[in-house]
Amino acid sequence: MTDNLFHPYALNNTIELNNRILMAPLTRCMADDDLVPTQAMADYYGRRSEAGLIISEAVIIRPDGQGYPNTPGLFSPEQINGWLKVTDAVHENGGKIFAQLWHTGRVAHPHFFGGGEVLAPSAVGVEGTVPRMRELVYQTPKAASHQDIARLVKDYAQAAANAIDAGFDGVEIHGANGYLIDQFLHHDSNRRSDEYGGTPENMIRFALEVVDAITGRIGSDRTALRISPGAYFNMAGDSRDRNVFDLLLAELEQRDLAFLHIGIFDDSMEFDYLGGRASSYVRGNYRNTLVGVGSYSADSASAAIGEDKFDLIAIGRPFIANPDYVAKVRAGEELTPYSEDMLASLV
Ligand code: FNR
Ligand code: 8K6
């Protein structure tokens, strides 16, 4: 039974979704060498317009946010024009699309932006090498100065304004999966002792500055946020992180965002310091619209929505394998299983 997925849902007075299925943000590394979206990308997103809402693959807000090859940007006029082709294709087919705004922080690599510093909350690097470019070893980042932080906040807000110019219906701030904003929210990566670290109030400051700068620019009705309260990717957990997210959720609840979205690959993962699943923890501490994600089938997602575990579901890998995911689920047709070799091309 997948009935619960096929009811419309109003995010707010501005945006109503035709169904409860979001296409999850999926990095595909297929932009051109100037990080401009291509016609093939417009076709790819256009084919998936039946989703209630598409969240674009993560889009870097400026050059030093890049950590993987050929990830698209939203900081040059050419990139804005490229995205216009994508948003037009989605709108022509009756869909809606948000841009996911991204800075990878300590997961960035200077190989991609012509050398220079890698910025993060603290000078604590990630171990290992860049996926798909294993010859690139992560370097120790520079702890961002107050001036660096102010510039980052401005650049997030500018990227959000650029997203609206590019025809997006809104933005999802990427505050999840161990990237820059998430690095401020976890003790593993934030060792600061100034007003951006050391206490929950200080550790949430950067995230809230970004949220407030963007909502001030494009409106809270068009702004969403993805977070990973449970550390699982490029990040180590710490029981003290719990207090940070408790306070963050209380603050976010007052901000009327379009939605909050969990960043996780498998929502059956449990975190001892969250008392269980990340989605249950957020649901218990945040009353507004919540998007669940992570290894759900249409059936298990519909059941979870029926049990009020979250309001909307984001579907990732099955959407790579099935451009017509929504139509197939609606008709009860069998889905093509996802496999990693599908990442090699845009279908
Ligand atoms: C992802 N995911 C991801 N998350 C995100 O916030 N921004 C991104 O750009 C990406 N990119 C990405 C690429 C690929 C190839 C995969 C498989 C995943 C995570 C994704 O949004 C989602 O949370 C997970 O895939 C779990 O959902 P599914 O796939 O189990 O439905
Ligand atoms: C967001 C950029 C990603 C670039 C390509 C990502 C490909 C993802 C393939 C799966 C990776 C899984 C990592 C999940 C860790 C879970 C640990 C329990």
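Points to keep in mind about this one:
- Segment 318-331 - residue that is in contact (Cβ under 8 Å) with a residue 60 or more places away in the chain and not β-branched (Val, Ile, Thr) and, of those, nearest to VAL291 (Cα to Cα): PHE319
- Tally, over segment 334-347, of residues that are free of Cβ contacts under 8 Å to residues at least 24 places away in the same chain and not in a loop (DSSP other than H, G, I, E, B): 4
Rundown of residues vs (1) crowded, with 18+ Cβ neighbours inside 10 Å; (2) closer than 18 Å to HIS174 by Cβ; (3) under 20 Å from the mean Cα position of the chain (by Cα); (4) acidic (Asp, Glu), yes/no style:
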site: LEU257; (1), (2), (3), (4): yes, yes, yes, no
site: PHE265; (1), (2), (3), (4): no, yes, yes, no
site: GLU270; (1), (2), (3), (4): no, no, no, yes
site: ASN288; (1), (2), (3), (4): no, no, yes, no
site: ALA303; (1), (2), (3), (4): no, no, no, no
site: PRO318; (1), (2), (3), (4): yes, no, yes, no
site: LEU335; (1), (2), (3), (4): no, no, no, no
site: TYR338; (1), (2), (3), (4): no, no, no, no
site: ASP341; (1), (2), (3), (4): no, no, no, yes
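- Residues of segment 52-77 satisfying the condition of being away from ligand 1 (no atom under 12 Å from the Cβ) and closer than 30 Å to VAL329 by Cα: GLY52, LEU53
- Single residue of LEU152, LEU185 found to be in contact (Cβ under 8 Å) with a residue 24 or more places away in the chain, under 17 Å from GLN100 (Cα atoms), buried (at least 23 other Cβ atoms within 10 Å of the Cβ) and not acidic (Asp, Glu): LEU152
- Residue in segment 124-143 that is surrounded by the most Cβ atoms within 10 Å (Cβ to Cβ), counting only those that are touching a strand residue (DSSP E or B) at 6+ places or on another chain (Cβ under 8 Å) and free of Cβ contacts under 8 Å to residues at least 40 places away in the same chain: PRO141
- Count of segment 322-333 residues, restricted to those that are of a type in the set (A, V, I, L, M) and either loosely packed, with under 15 Cβ neighbours inside 10 Å or part of a loop (DSSP other than H, G, I, E, B) (or both), is 2.
- Residue check for ALA301: touching a strand residue (DSSP E or B) at 6+ places or on another chain (Cβ under 6 Å) and more than 19 Å from VAL244 (Cβ to Cβ): yes
- Restricting segment 305-347 to residues that are of a type in the set (Gly, Ala, Ser) and in contact with a strand residue (DSSP E or B) (Cβ under 8 Å, 6 or more places away or on another chain), the residue that is nearest to ligand 1 (Cβ to nearest atom): GLY316
- Restricting attention to segment 294-304, the residues that are on the phi > 0 side of the Ramachandran plot and outside any loop (DSSP other than H, G, I, E, B) add up to 0.
Residues checked against (1) touching a Gly at 6+ places or on another chain (Cβ under 7 Å); (2) away from ligand 2 (no atom under 16 Å from the Cβ):
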residue: GLN158; (1), (2): no, yes
residue: ALA161; (1), (2): no, yes
residue: GLY167; (1), (2): no, yes
residue: GLY170; (1), (2): no, yes
residue: GLY178; (1), (2): no, no
residue: ASP182; (1), (2): yes, no
residue: ASP188; (1), (2): no, no
residue: GLY198; (1), (2): no, yes
residue: PHE206; (1), (2): no, yes
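- Residues in segment 10-26 that are of a type outside the set (D, E, K, R) and either in a loop (DSSP other than H, G, I, E, B) or surrounded by fewer than 18 Cβ atoms within 10 Å (Cβ to Cβ) (or both): ALA10, LEU11, ASN12, ASN13, THR14, ILE15, ASN18, ASN19, ALA24, PRO25, LEU26.
- Put simply, of ASP212, ASP246, ASP256, ASP221 the only residue that is part of a loop (DSSP other than H, G, I, E, B) and charged (D, E, K, R) is ASP256.
- Across segment 279-294, the number of residues qualifying as farther than 23 Å from ASN12 by Cβ and in contact with a Ser or Thr (Cβ under 7 Å, 6 or more places away or on another chain) comes to 0.
- The test for being outside any helix (DSSP H, G or I), within 16 Å of ligand 1 (Cβ to nearest atom) and closer than 18 Å to ALA314 by Cα holds for PHE265.
Every number here is computed from the coordinates shown, using simple stated rules; none is lab data. Being a predicted model, the structure only gives us computed values, none of them experimental. For neighbour counting, all protein chains shown are included, and Cβ atoms are generated from backbone atoms with ideal geometry for every residue, glycine included.
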